[in-house]
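Asks: Have a look at this one.
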Amino acid sequence: MSPIVAKLLEDRGITAADLEFYLQPTIDKLAKPEELPGIVEAADFILDSVVYRRKIVVFGDYDCDGICATAIVSRTLRALGGTVSEFIPNRLTEGYGMSEASIARMLKDNPGVGLVVTVDNGINSVAEVTNLKRKWCSVVVTDHHLPGEELPDANAIVDPKVSAPEHLQDLCGAGVAFLLANRIVSEAKRRGIYKGPSVGGPLLVMAGLATVTDVMPLLGQNRILVSEALKRFHTCAPTGLKDLYERAARAGADTLTTRDFGFMIGPRINAAGRIASPLEALELLTSEDREITRELARLVDGYNLERKMREQKMVDDALARVVPDAPAQVIDLPEGHPGIAGIVAARVMEKLGERVPVCVYAGNHGSARAPEGLNIRDAFVECADVLDRYGGHAAAGGFSVKPGRIDEFRSLLCDYCRRHFSSKGGVSSEAKGPDLWLEASDVTLALAEELRELEPFGEGNPEPIFGLKGVFFADVKPLGAEGKHLSVTLRKSGLRAIRWSGGDEVEHLRAESAQPHDIQFTLTVSDYGERHVELRLVSIA
């Protein structure tokens, strides 16, 4: 191991005892499902329902995590011969998770349902679970969100935020569903109910995809799920995911990275739930009819293009309504699309230097993003008097405001942030500085290849950022068909660097070609032409 990589691992708190698990996150190190509290009871209850031919509905969510979790459980139960339907709430009219409206439609669409299995939701649906049980419908809740003060009276609950050993507490909804599916199949085999082939390959790929798109820490068990999903994608992924990847990805790419999951496949699955029907994305993951999956891949890819166009307009409108120096931004976009509000909030927060929380309210739904050091869900609790619904994590959440009270919400949130969070203490990602400052001679193809051993990169295990001081640029030019990107060569070393979406910096950098710059960048191996190391610029100062 080179001194540079050793220093990176030391700074990330990876000890000698952790090293083998960190560098070799293989499937044999995956936790046993039984380590997750409630999973034995949940699996037994679900399997009994399969045996007694009860009608089962898998009640999911419209984001990539929820869609993948729904597909994982429904594919498993169908393989065992279960009578299964899927239900996902309408994002615009019914909102997230179980609500009075979504349950009414679910019961209407599925007469005689005997068991509802929630995935990626349900832990805060206390009243809704009680109402379902009064209608002689059993409920198994599987989720990964924080519970409220009271737990639902479900027949079984599986949620690592309710109870779990530390190494399982950061699973996403699909990660929980994957462990549940494993337990169901192994128990079915033990009882002699199922003697068919393994069903786990496609489920593993979907669990890994969801772990990345739901921004879970890529450490421990999550690191195993993602690493194995990336390695097995071409052989094990559902047919529809392969079709979608073919439309979205680099031609001929043999090895996937978390970027493929997080920036190519995941956003397309999410786009269907944001602006169209999540059921089309769900069918993409559950159908094995190649003619159907190819058409669905085309549709889902098209939704992503539409999402991008709408997103740009909403970002421009939101930035025009930013209140300078406010401790929190609550931006009302009555004409905006609620399904895109979360992305817009994230973009605006990024433009503001990640120093203040941003809430974007579009139609009847709001989404929030919060910088490090502020828990937006705790902030919602103090604003509860003016909110109809709210929920989420520390860094992101969703909410709806009581009619006519958006200004009160803005005032309450700003007051909370003044008391609990200092925007002056926030530090943007660019201002934090690199992981390590290097000399140009350190930047080699061998280093870039060695860094691959630290993958998968993502939340909790970010891609290393390096820095070079006092470099001079040569051969500054636009890159790409429309010149949207930037390409430069570093003098003396001859290293090539690119910056995505940096095309508007070309003329400025040409004019400053006689001036030295400090740069921050990530390293990658480029196979374009002769195999070489390439710098992906993060900042230029």
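The values are calculated or read from the model by the stated rules, or taken from the named source; none is laboratory data. Predicted model only: the values in this text are computed from it and were never measured. When we count neighbours, we look across all protein chains shown, and the Cβ atoms used for this are built from the backbone with ideal geometry, even at glycine. Heavy atoms of the whole protein, side chains included, go into the accessibility calculation; ligands, DNA and RNA do not. Shrake-Rupley method; radii C 1.70, N 1.55, O 1.52, S 1.80 Å.
Asks: Out of the stretch 12-44, which residues are assigned to a helix (DSSP H, G or I), closer than 22 Å to residue 218 by Cα and open to solvent by less than 40 Å² (accessible area, probe 1.4 Å)?
Replies: The answer is 22, 33.
Asks: How about the stretch 121-159: which of its residues are out of contact with any strand residue (DSSP E or B) (no Cβ under 8 Å at 6 or more places or on another chain) and buried (at least 24 other Cβ atoms within 10 Å of the Cβ)?
Replies: Residue satisfying the conditions is 144 alone.
Asks: Just give me the residues in the stretch 493-510 being over 26 Å from residue 259 (Cα atoms) and open to solvent by 20 Å² or more (accessible area, probe 1.4 Å), in sequence order.
Replies: Correct list: 493, 494, 507, 508, 510.
Asks: Which residue is farthest from residue 211 (Cα to Cα), if the candidates are limited to the stretch 459-470 and must be at pLDDT 95 or above and open to solvent by less than 30 Å² (accessible area, probe 1.4 Å)?
Replies: 468
Asks: Still on this structure, please answer the following. Which residues, taken from the stretch 443-474, are among the small types (Gly, Ala, Ser) and closer than 16 Å to residue 9 by Cα?
Replies: 448, 458, 460
Asks: Any idea which of (1) part of a strand (DSSP E or B); (2) on the phi > 0 side of the Ramachandran plot is the one residue 330 doesn't satisfy?
Replies: Of everything listed in (1) part of a strand (DSSP E or B); (2) on the phi > 0 side of the Ramachandran plot, residue 330 misses just condition (2).
Asks: Being of a type outside the set (Ser, Thr, Tyr), in contact (Cβ under 8 Å) with a residue 60 or more places away in the chain and surrounded by fewer than 22 Cβ atoms within 10 Å (Cβ to Cβ) narrows it down to one residue among 355, 347; which is it?
Replies: So the residue among 355, 347 that is of a type outside the set (Ser, Thr, Tyr), in contact (Cβ under 8 Å) with a residue 60 or more places away in the chain and surrounded by fewer than 22 Cβ atoms within 10 Å (Cβ to Cβ) is 355.
Asks: Return a yes/no flag: does the stretch 377-390 have any residue that is assigned to a helix (DSSP H, G or I), out of contact with any Phe, Trp or Tyr (no Cβ under 6 Å at 6 or more places or on another chain) and modelled with pLDDT under 90.
Replies: Yes, that holds for at least one residue.
Asks: Looking only at the stretch 173-193, which residues are open to solvent by 30 Å² or more (accessible area, probe 1.4 Å) and of a type outside the set (A, V, I, L, M)?
Replies: Matches in the stretch 173-193: 182, 183, 186, 189, 190, 191, 192.
Asks: If we scan the stretch 464-475, do we find a residue that is more than 29 Å from residue 218 (Cβ to Cβ), out of contact with any Asp or Glu (no Cβ under 9 Å at 6 or more places or on another chain) and touching a residue at least 40 places away in the same chain (Cβ under 8 Å)? Reasoning before the result, please.
Replies: At the first step, the residues of the stretch 464-475 found to be more than 29 Å from residue 218 (Cβ to Cβ) are 469-475.
With out of contact with any Asp or Glu (no Cβ under 9 Å at 6 or more places or on another chain) added as a condition, the list becomes 472, 474-475.
Then keep just the ones that are touching a residue at least 40 places away in the same chain (Cβ under 8 Å); that gives 472.
The answer is yes, given that some residue of the stretch 464-475 is more than 29 Å from residue 218 (Cβ to Cβ), out of contact with any Asp or Glu (no Cβ under 9 Å at 6 or more places or on another chain) and touching a residue at least 40 places away in the same chain (Cβ under 8 Å).
Asks: Further question: Scan the stretch 45-70 for residues that are charged (D, E, K, R), open to solvent by 50 Å² or more (accessible area, probe 1.4 Å) and in contact (Cβ under 8 Å) with a residue 60 or more places away in the chain and report the count.
Replies: Adding up the residues that qualify gives 2.
Asks: Those residues that are surrounded by fewer than 13 Cβ atoms within 10 Å (Cβ to Cβ) and assigned to a helix (DSSP H, G or I), I need them from the stretch 431-458; list them, please.
Replies: Scanning the stretch 431-458 gives 441, 446, 453.
Asks: Now, a different point. Checking the structure you have, find out if any residue of the stretch 482-492 is within 24 Å of residue 439 (Cα to Cα), out of contact with any helix residue (DSSP H, G or I) (no Cβ under 6 Å at 6 or more places or on another chain), open to solvent by 50 Å² or more (accessible area, probe 1.4 Å) and of a type outside the set (Phe, Trp, Tyr).
Replies: Looking for residues that are within 24 Å of residue 439 (Cα to Cα), out of contact with any helix residue (DSSP H, G or I) (no Cβ under 6 Å at 6 or more places or on another chain), open to solvent by 50 Å² or more (accessible area, probe 1.4 Å) and of a type outside the set (Phe, Trp, Tyr), one finds at least one in the stretch 482-492, hence yes.
Asks: Here is a further query. If you scan the stretch 363-378, which residues turn out to be touching an Asp or Glu at 6+ places or on another chain (Cβ under 8 Å) and either open to solvent by less than 20 Å² (accessible area, probe 1.4 Å) or polar (S, T, N, Q) (or both)?
Replies: 371
Asks: Quick one: is residue 67 in contact with a Pro (Cβ under 6 Å, 6 or more places away or on another chain), closer than 19 Å to residue 158 by Cα and either hydroxyl-bearing (Ser, Thr, Tyr) or part of a loop (DSSP other than H, G, I, E, B) (or both)?
Replies: Answer is no for this residue.
Asks: Given the residues 73, 158, which is the only one that is within 27 Å of residue 201 (Cα to Cα), touching a Gly at 6+ places or on another chain (Cβ under 8 Å), of a type outside the set (Asp, Glu) and touching a residue at least 40 places away in the same chain (Cβ under 8 Å)?
Replies: Result of the check over 73, 158: 158.
Asks: How many residues are under 26 Å from residue 404 (Cβ atoms) and not in a helix (DSSP H, G or I) if we restrict to the stretch 282-324?
Replies: 4
Asks: A further question follows. Here is a check on your reading of the model: is residue 218 within 22 Å of residue 123 (Cα to Cα), touching a Pro at 6+ places or on another chain (Cβ under 6 Å) and surrounded by 24 or more Cβ atoms within 10 Å (Cβ to Cβ)?
Replies: no
Asks: Let me ask something additional. Do the conditions hold for residue 74, that is, is it assigned to a helix (DSSP H, G or I), closer than 18 Å to residue 287 by Cβ and either at pLDDT 95 or above or open to solvent by less than 20 Å² (accessible area, probe 1.4 Å) (or both)?
Replies: yes
Asks: All but one of (1) in contact with a helix residue (DSSP H, G or I) (Cβ under 6 Å, 6 or more places away or on another chain); (2) in contact (Cβ under 8 Å) with a residue 40 or more places away in the chain; (3) more than 27 Å from residue 91 (Cα to Cα) hold for residue 207; which doesn't?
Replies: Unmet condition: (3).
Asks: Please identify the pairs in which a residue from the stretch 92-108 that is closer than 22 Å to residue 391 by Cα has its Cβ atom under 6 Å from the Cβ atom of a residue that is open to solvent by 20 Å² or more (accessible area, probe 1.4 Å) and in a loop (DSSP other than H, G, I, E, B), counting only partners at least 6 apart or on another chain.
Replies: 101/94; 102/94
Asks: Which of the residues that make up the stretch 88-102 are under 22 Å from residue 146 (Cβ atoms) and either open to solvent by less than 10 Å² (accessible area, probe 1.4 Å) or not acidic (Asp, Glu) (or both)?
Replies: Residues satisfying the conditions are 88, 89, 91, 95, 96, 97, 98, 99, 102.
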